[in-house]
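S.K.: Below you will find the structure I want to go over with you.
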Protein chains: 2
Amino acid sequence: MARLIALQTHDVRFPTSQTLDGSDAMNPDPDYSAAYLRLRTDAGDGLEGHGFVFTIGRGNDVQVAALRALEEHLVGRDVDETLADLGAVWRELVHDSQLRWLGPEKGIMHMAIGAAVNALWDLKAKRAGKPLWQLLSGMTPEEIVDLVDFRYLTDALTREEALALLRVAEPGRAEREATLLREGYPAYTTTPGWLGYDDDKLARLCRDAVAEGFTQIKLKVGGDLDDDVRRLRIAREVCGPDVRIAVDANQRWGVADAVRWIEALKEFDLAWIEEPTSPDDVLAHAAIAKAVAPVPVATGEHTANRVLFKQFLQAKALGILQLDATRVAGVNENIAILLLAAKFGVPVCPHAGGVGLCEAVQHLAMFDYVAVSGTTEGRLIEFVDHLHEHFVTPVDVRDGRYHAPKSPGAGTEMLGKSIVEYEHG
Amino acid sequence: MARLIALQTHDVRFPTSQTLDGSDAMNPDPDYSAAYLRLRTDAGDGLEGHGFVFTIGRGNDVQVAALRALEEHLVGRDVDETLADLGAVWRELVHDSQLRWLGPEKGIMHMAIGAAVNALWDLKAKRAGKPLWQLLSGMTPEEIVDLVDFRYLTDALTREEALALLRVAEPGRAEREATLLREGYPAYTTTPGWLGYDDDKLARLCRDAVAEGFTQIKLKVGGDLDDDVRRLRIAREVCGPDVRIAVDANQRWGVADAVRWIEALKEFDLAWIEEPTSPDDVLAHAAIAKAVAPVPVATGEHTANRVLFKQFLQAKALGILQLDATRVAGVNENIAILLLAAKFGVPVCPHAGGVGLCEAVQHLAMFDYVAVSGTTEGRLIEFVDHLHEHFVTPVDVRDGRYHAPKSPGAGTEMLGKSIVEYEHG
């Protein structure tokens, strides 16, 4: 019988602030970082579960301390039993009554639980010899809903409704899996649009993006309106009328500012306006969405949990749902969010970039296509060409598409030498 | 020129789980704890600023790690300059772009900032030789609104509206301060109602509460409906018809369960139903409030920040606002929340109990009475008779009222020997 014998943590920080990669209206100088967790077993098969929380620098040590607080829940457990019921493990971790006080279900402690849950899924997928998206897509509807905690969701989505959605998608799974393996999943790129880049670099990167086959790009906005108009004009001229351009304000505005700013940018035919205001403000997003229609409002990378996503959907406060791999409590909670989005008919365009977010979130989008929503219509995964070289199984993005990973695991394993080289302190 | 020269932290835990004090439907065995922070200066006056985050045990070490992450912001600063503009300090801490990623504005990092802000207020009040409530009540309306960050609030409350509210209250300040010093502020007690107590203990503690002059008590509910009916019947019989009885479900239910449960308890004439569901769920609270009217819905002790409180008020999702001294980012954010409550005409009945929450939150309620809402009508501060002996200036609750503290400071300083005795690990 194999047991989980160790939870190892690392405070990994990349000095990205030196190049202004990742700079936006709220985050002028991020140092892309990972609070990193490895679960080891005594199975003797060489397989480990890896997971992490993406942060942008200061405080990554606090995030690591939160990972450590989960050691007593995990170390010593029977591996087979644990991996056989990850729904139960999720509930045990999220509903630990003392840890729960620190959120509840939000912020540092919740993200730490997400990293642990994702590490367990990584281990489970490696042991099954499958990439995570394929492992999930092979589960029965009953097995999938057993992963989800429906507490606080039933006024919008019951277990029975979730089961019905999954059953409708079941007959088409094999065909969509074949399509996915053949064609990949659509991507868009944020590489051109960071706020710290000058106009020449912006134009050059837009040109590159189109040449590389991307059909959508995204620009950061919200610093200065005149600058934003000028940068959007450059981007639209370089990209031409057929490439979609989304904009991202990174929570910079209140309601009135958001509406005024978006009206001024509408002439550039916006694909969406992302994070116009506080990620906690369902009612403000609803007011903005109503005022700026038909431009859709997108949010999600800072949405703390499924309860907030539920309300955004109920209030028609978002038109594009931006799932994040490490903000909520891992794969299980993200499945709940995919089911909510499917119920409300809202497209999911995952947040990625950072460190390892592309590697992780592609599995969720591909699972969604095969087994939940059953479509890629109006859906794209964000892509940023940074830091992939530090991962054991980096993403394969070509011709504007994510090509489906075939290696076993959740994509969350960083190279040992990168961990050593960038370990902080 | 004096400087802040040290930020010291302590992981203080009281073994309250041994007696089931504090047991409720979600928290069966809390160990009341404080992630504790002391700010020392080189002024040579012997004055320190003390603050803490209340937690219930596991994870208190993570909360302490978050306090430590603030050291680089605080140590080395000029004391006078820092204390002269606590609005600026609040913005600097809350909007640190890298730390902000860990919330934003919620959970462990946000609460840590709250403890630091409260410690600065404690120091400022001690240096002024005044209790915090009196220090705040002596500030001009302009000085008070300068403490508040109106980002994300202006769709509900602008700086000008806040100023107008404070100006209306200004002429009555002196008279209300005199009344407060003479009569104190109304309290209610939660001491009788913990879920882990048997029926005899419940009856005895209800009898004691009435004898001690309390006009309202609170019972925990949500474990089992038959038990709740039996316990409420006992409490109502012992207390008689004139004592108000509130109930608290500690987030146990979804919408449908909440409505069903409250309907079944309505015959006992409930003062309010507290935390019926997830503290993040504005829309669910609004639905419950509408369904169970006229029983008011109360929430707030787990409400992450002013943006969520704003929405609860906008959506008529709460009828009683339960401010908490250590959940949000300290005195400044609580002033924002008091101003929002005043704008919407909703009574504030602060959450207390735990460790030191009574000592801390009384200052905010008293400031509200003197300088913001100008009334105690429908308002009571929670009281639980636990752990006060560990504080330098314990609350003075007699005849069912909090008597106004007269010692300088924010009430947040724990006895040195208690810190030593209960330091964890």
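S.K.: Any idea which of B:64, B:53 is among the β-branched types (Val, Ile, Thr), closer than 23 Å to residue B:15 by Cα and in contact with an Asp or Glu (Cβ under 9 Å, 6 or more places away or on another chain)?
M.R.: So the residue among B:64, B:53 that is among the β-branched types (Val, Ile, Thr), closer than 23 Å to residue B:15 by Cα and in contact with an Asp or Glu (Cβ under 9 Å, 6 or more places away or on another chain) is B:64.
S.K.: Within the set of pairs 6 or more residues apart or between chains, which connect a residue that is more than 10 Å from every other protein chain (Cβ to nearest Cβ) and surrounded by fewer than 22 Cβ atoms within 10 Å (Cβ to Cβ) inside segment B:309-320 to a residue that is modelled with pLDDT of 95 or more and part of a loop (DSSP other than H, G, I, E, B) with Cβ atoms less than 6 Å apart?
M.R.: B:319/B:296
S.K.: Restricting to segment A:356-402, give me the number of residues that are of a type in the set (Val, Ile, Thr) and either surrounded by 24 or more Cβ atoms within 10 Å (Cβ to Cβ) or in contact (Cβ under 8 Å) with a residue 60 or more places away in the chain (or both).
M.R.: The total comes to 7.
S.K.: Looking only at segment A:157-167, count every residue that is in a loop (DSSP other than H, G, I, E, B) and surrounded by 21 or more Cβ atoms within 10 Å (Cβ to Cβ) and tell me the total.
M.R.: 1
S.K.: Against the condition touching a residue at least 24 places away in the same chain (Cβ under 8 Å), in contact with a Phe, Trp or Tyr (Cβ under 7 Å, 6 or more places away or on another chain) and more than 30 Å from residue B:103 (Cα to Cα), how does residue B:246 come out, does it pass?
M.R.: yes
S.K.: I'd like the full set of residues that are within 14 Å of chain A (Cβ to nearest Cβ), assigned to a helix (DSSP H, G or I) and not basic (Lys, Arg), limited to segment B:260-288.
M.R.: If the condition is that a residue be within 14 Å of chain A (Cβ to nearest Cβ), assigned to a helix (DSSP H, G or I) and not basic (Lys, Arg), then B:282, B:283, B:284, B:285, B:286, B:287, B:288 are the ones that fit.
S.K.: Right, next: Can you tell me which residue among B:331, B:355 is within 18 Å of residue B:405 (Cβ to Cβ) and touching a strand residue (DSSP E or B) at 6+ places or on another chain (Cβ under 8 Å)?
M.R.: B:355
S.K.: Kindly indicate the residue of segment A:244-259 that is of a type outside the set (S, T, N, Q) and under 21 Å from residue A:379 (Cα atoms) and also nearest to the other protein chains (Cβ to nearest Cβ) among those meeting that condition.
M.R.: A:249
S.K.: Given the conditions (1) within 23 Å of the chain's Cα centre (by Cα); (2) surrounded by 22 or more Cβ atoms within 10 Å (Cβ to Cβ), and given that residue A:21 satisfies all but one, which numbered condition is not satisfied?
M.R.: Going through (1) within 23 Å of the chain's Cα centre (by Cα); (2) surrounded by 22 or more Cβ atoms within 10 Å (Cβ to Cβ) one by one, residue A:21 breaks only (2).
S.K.: Inspect all residues belonging to segment A:346-366 and state whether any of them is of a type in the set (Asp, Glu) and within 14 Å of chain B (Cβ to nearest Cβ).
M.R.: Within segment A:346-366 (the criterion being of a type in the set (Asp, Glu) and within 14 Å of chain B (Cβ to nearest Cβ)), the answer is no, since none of the residues qualifies.
S.K.: Out of curiosity, is residue B:192 assigned to a strand (DSSP E or B) and at pLDDT below 95?
M.R.: yes
S.K.: Output the residues belonging to segment B:391-402 that are under 11 Å from residue B:359 (Cα atoms) and over 16 Å from the mean Cα position of the chain (by Cα).
M.R.: Hits for segment B:391-402 are B:391, B:392, B:393, B:396, B:397.
S.K.: Say we look at segment A:196-224 and pick out the residues that are surrounded by fewer than 21 Cβ atoms within 10 Å (Cβ to Cβ) and under 20 Å from residue A:257 (Cα atoms); which of these is modelled with the lowest pLDDT?
M.R.: For segment A:196-224, the residue satisfying everything is A:223.
S.K.: Quick check: anything in segment A:329-341 away from every other protein chain (no Cβ under 13 Å), over 16 Å from the mean Cα position of the chain (by Cα) and not β-branched (Val, Ile, Thr)?
M.R.: No, segment A:329-341 has no match at all.
S.K.: Continuing with this model, one more query. Tell me, which helices (runs of 4 or more DSSP H) lie completely within segment A:1-115 with 2 or more residues that are facing chain B (nearest Cβ under 8 Å)?
M.R.: Filter on segment A:1-115 gives A:60-68, A:97-100.
S.K.: Please find, among B:257, B:227, B:242, the residue that is outside any helix (DSSP H, G or I) and surrounded by fewer than 21 Cβ atoms within 10 Å (Cβ to Cβ).
M.R.: The unique qualifying residue is B:242.
S.K.: Looking at A:132, A:123, A:86, which one is surrounded by 24 or more Cβ atoms within 10 Å (Cβ to Cβ) and over 19 Å from the mean Cα position of the chain (by Cα)?
M.R.: A:123
S.K.: Among the listed residues B:6, B:35, which satisfies the condition of being closer than 19 Å to residue B:117 by Cβ, crowded, with 23+ Cβ neighbours inside 10 Å, out of contact with any Cys (no Cβ under 9 Å at 6 or more places or on another chain) and among the small types (Gly, Ala, Ser)?
M.R.: Just one listed residue meets the conditions, B:35.
The values are calculated or read from the model by the stated rules, or taken from the named source; none is laboratory data. Small disclaimer: the values here were computed from a predicted structure and weren't measured. As a convention, Cβ positions derive from the backbone with ideal geometry for all residues, glycine included, and neighbour counts pool all protein chains shown.
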